[in-house]
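Since every read-out is calculated from the coordinates, none of them should be taken as a lab result. Computed from a predicted model, the values in this text were never measured in an experiment. In this analysis, Cβ positions are derived from the backbone assuming ideal geometry, glycine residues included, and neighbour counts consider all displayed protein chains.
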Amino acid sequence: MSGLYGSEVGLADGSTVIADEAYLTESIRDPSAKQVARYGLMPAYSLNDAEIQAVVEFIRSLQVAP
């Protein structure tokens, strides 16, 4: 996951998206909404808003320094 936050992600439908807070939040809530190319479907978890925010913040903290 290092370097994921803010990066461009290729999706299975051929489009791309930036892995920002909105995308990560949506993907955690509904893993089938925007499936990443070359990866299987992420399992669904029942997390509350605070837990989702904590996961997103953790992913953001893994940023590679410029």
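A compact table of results
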{"read-out": "Max mean-square fluctuation residue, GNM over the chain, Cα-Cα springs under 10 Å, options VAL36, VAL56, VAL17", "value": "VAL17"}
{"read-out": "Long-range Cα-Cα pairs in the chain (distance over 17 Å), rounded percent", "value": "41"}
{"read-out": "Unit charges at the beta carbon, dipole of segment 14-66: most positive-side option, LEU24, GLY14, VAL56", "value": "GLY14"}
{"read-out": "Of ALA19, ALA50, ALA33, the one that fluctuates the most in a GNM where the chain has Cα springs shorter than 10 Å", "value": "ALA50"}
